[in-house]
Amino acid sequence: MKTPKVTTQTIAQATGLSLATVSRALAGSPQVLPGTRARVLEAAKALNFVRDRAAVRLKTGKTQVLAFLVNRSDANQPAFKDLMLGISDALQDTDYHLIVMPDGPDANRLKTLRYVVENKLADGLVITHTTPDDERVRYLQEAQLPFVTHGRTRKLPEHAYVDFANERYAFDAVHTLHAHGRRKLAILLPEAGGTFWDYLASGFSEACLALGMDGLVIHDMDLDQSPEKIYQWTRAHARSFDGLVLTREAPVMALTTAVLDAGLRLRQDLDLVVKYSSHLPRYVRQPLLGCFEDIYLTGTSLGASLLHEMKNLGGAPKQILFQPPPIESLYEPDLR
């Protein structure tokens, strides 16, 4: 025998509330007291209630869907899943669901975004890999669609973002290497073009200038290249510096292997500082210096910020900038 479909009327009967109150509570209306909404949601969960999204869309014009537009290069980053799960977890107690859409393989950064907006697939968006004058941000501001960016811009009107103070990380990394007696430094960055790149390079150069040290911002190699290319470049150039700043942990294995194959010893001949978001660098079993960026926290903050933007249309955008924790030793070899 087929189980009867659970409806809002079912929840109303179970809770003793009116159908109108139940409908408003499920829609997240501010007219419903928090205790009443919690009571409705608890009953809906116990009854395995599933909202008819097509009906909701016809009635409200809302999809109850939020979109996370992913840069294709992020799929190779160890902590990418933590960012995605963080955003998703921020939506757990809401009526919103998350869809994840990778950018297209071509250079048109607006293509996927336009598809989502023009087909009204989502009520709000999260975008990543911002540039100083990001055309996607301009487009979303003109479309007046709620959004939040993972990363800042430089030349646009204020908008909601969540970011890590990469300029401070690079600045601190230089000072840490200086304290370890290093004087010939370099920083290996992701592919140029993003605001992320700008902040890292400026923080690194500012600290080197203040300390009167040689500091090389590397342009002929980037962290988005294959592990083999990074290995070959590092093996050929490792003797050119005694301190190297990394901004991702993905190439750590290739890099440390290249340093050792070049006949150098980490800590004795060369120090590496890496910004990491997964446990990978702790298991390299080489004396690395590291700074942890909590990507899961970034994800939950992005999700919460997007919900905030959707509730406060026209208000001041919420901007979150996480400061880096102190740089620490990730592995201390037993030198006995």
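Any residue in the range 97-116 that's over 11 Å from V65 (Cβ atoms) and small (G, A, S): show its pairings with residues that are modelled with pLDDT of 90 or more and surrounded by 16 or more Cβ atoms within 10 Å (Cβ to Cβ) at Cβ separation under 9 Å, as long as the two are six or more apart or on different chains.
Listed by first residue and then by second, the contacts come to G104/T112.
Of the numbered conditions (1) over 30 Å from T256 (Cα atoms); (2) hydrophobic (A, V, I, L, M, F, W, C); (3) surrounded by fewer than 19 Cβ atoms within 10 Å (Cβ to Cβ), M213 satisfies every one except a single condition; which is it?
In the conditions (1) over 30 Å from T256 (Cα atoms); (2) hydrophobic (A, V, I, L, M, F, W, C); (3) surrounded by fewer than 19 Cβ atoms within 10 Å (Cβ to Cβ), M213 misses (1) alone.
Yes or no: the range 162-177 includes at least one residue that is more than 30 Å from A210 (Cβ to Cβ) and under 21 Å from the mean Cα position of the chain (by Cα).
Let us first name the residues in the range 162-177 that are more than 30 Å from A210 (Cβ to Cβ), namely none.
No, the range 162-177 has no match at all.
Out of curiosity, is G193 part of a helix (DSSP H, G or I), open to solvent by less than 60 Å² (accessible area, probe 1.4 Å) and of a type outside the set (A, V, I, L, M, F, W, C)? Give the steps one after another, and end with the answer.
Working: part of a helix (DSSP H, G or I): no; open to solvent by less than 60 Å² (accessible area, probe 1.4 Å): yes; of a type outside the set (A, V, I, L, M, F, W, C): yes.
Considered against the rule, which asks whether it is part of a helix (DSSP H, G or I), open to solvent by less than 60 Å² (accessible area, probe 1.4 Å) and of a type outside the set (A, V, I, L, M, F, W, C), G193 comes out as no.
Mind checking which residues of the range 276-314 are under 22 Å from L223 (Cβ atoms) and either small (G, A, S) or in a strand (DSSP E or B) (or both)?
Within the range 276-314, Y276, S277, S278, L289, G290, C291, F292, G299 qualify.
With respect to S88, is the statement that it is among the hydroxyl-bearing types (S, T, Y), in a helix (DSSP H, G or I) and modelled with pLDDT of 80 or more true?
Working: among the hydroxyl-bearing types (S, T, Y): yes; in a helix (DSSP H, G or I): yes; modelled with pLDDT of 80 or more: yes.
Yes; evaluated as a whole, the condition is true for this residue.
Inspect the range 173-189 for any residue being open to solvent by less than 10 Å² (accessible area, probe 1.4 Å), within 19 Å of H129 (Cβ to Cβ) and among the small types (G, A, S) and give the result as yes or no.
Taking every residue of the range 173-189 in turn, none turns out to be open to solvent by less than 10 Å² (accessible area, probe 1.4 Å), within 19 Å of H129 (Cβ to Cβ) and among the small types (G, A, S).
Would you check if there is a residue in the range 230-237 being assigned to a loop (DSSP other than H, G, I, E, B) and either at pLDDT below 95 or not aliphatic (A, V, I, L, M) (or both)?
The initial filter retains those residues of the range 230-237 that are assigned to a loop (DSSP other than H, G, I, E, B), namely none.
Within the range 230-237, not a single residue is assigned to a loop (DSSP other than H, G, I, E, B) and either at pLDDT below 95 or not aliphatic (A, V, I, L, M) (or both).
For (1) exposed (fewer than 15 other Cβ atoms within 10 Å of the Cβ); (2) in contact with a strand residue (DSSP E or B) (Cβ under 7 Å, 6 or more places away or on another chain); (3) under 17 Å from H178 (Cα atoms), each residue gets a yes or a no:
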site: E206; (1), (2), (3): no, no, yes
site: S226; (1), (2), (3): yes, no, no
site: Y231; (1), (2), (3): no, no, no
site: G243; (1), (2), (3): no, yes, yes
site: D269; (1), (2), (3): yes, no, yes
site: Y276; (1), (2), (3): no, yes, no
site: R285; (1), (2), (3): yes, no, no
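Those residues that are free of Cβ contacts under 8 Å to residues at least 12 places away in the same chain and under 25 Å from the mean Cα position of the chain (by Cα), I need them from the range 183-217; list them, please. Full working, then the answer.
Taking the range 183-217 as the starting set, the residues that turn out to be free of Cβ contacts under 8 Å to residues at least 12 places away in the same chain are 197, 209-210, 212.
Listed by number, the list holds a single entry, W197.
Output the residues belonging to the range 165-199 that are under 20 Å from F292 (Cα atoms) and basic (K, R).
Residue satisfying the conditions is R168 alone.
Since L156 meets every condition but one in (1) of a type in the set (A, V, I, L, M, F, W, C); (2) surrounded by fewer than 19 Cβ atoms within 10 Å (Cβ to Cβ); (3) in contact (Cβ under 8 Å) with a residue 24 or more places away in the chain, which condition does it not meet?
Going through the list (1) of a type in the set (A, V, I, L, M, F, W, C); (2) surrounded by fewer than 19 Cβ atoms within 10 Å (Cβ to Cβ); (3) in contact (Cβ under 8 Å) with a residue 24 or more places away in the chain, L156 breaks only (3).
Find the residue count for the range 315-336, including only residues that are part of a loop (DSSP other than H, G, I, E, B) and hydrophobic (A, V, I, L, M, F, W, C). Show your work before the answer.
Residues of the range 315-336 part of a loop (DSSP other than H, G, I, E, B): 315-318, 323-327, 330-336.
If we keep only those that are hydrophobic (A, V, I, L, M, F, W, C) as well, we get 316, 327, 330, 335.
The number of residues fulfilling the criteria is 4.
The values are calculated or read from the model by the stated rules, or taken from the named source; none is laboratory data. Keep in mind the model is a prediction, meaning the values are calculated, not measured. Cβ sites come from the backbone with ideal geometry, for glycine too, and all protein chains shown count toward neighbours. Accessible surface areas use protein heavy atoms only, side chains included; no ligands, DNA or RNA. Shrake-Rupley method; radii C 1.70, N 1.55, O 1.52, S 1.80 Å.
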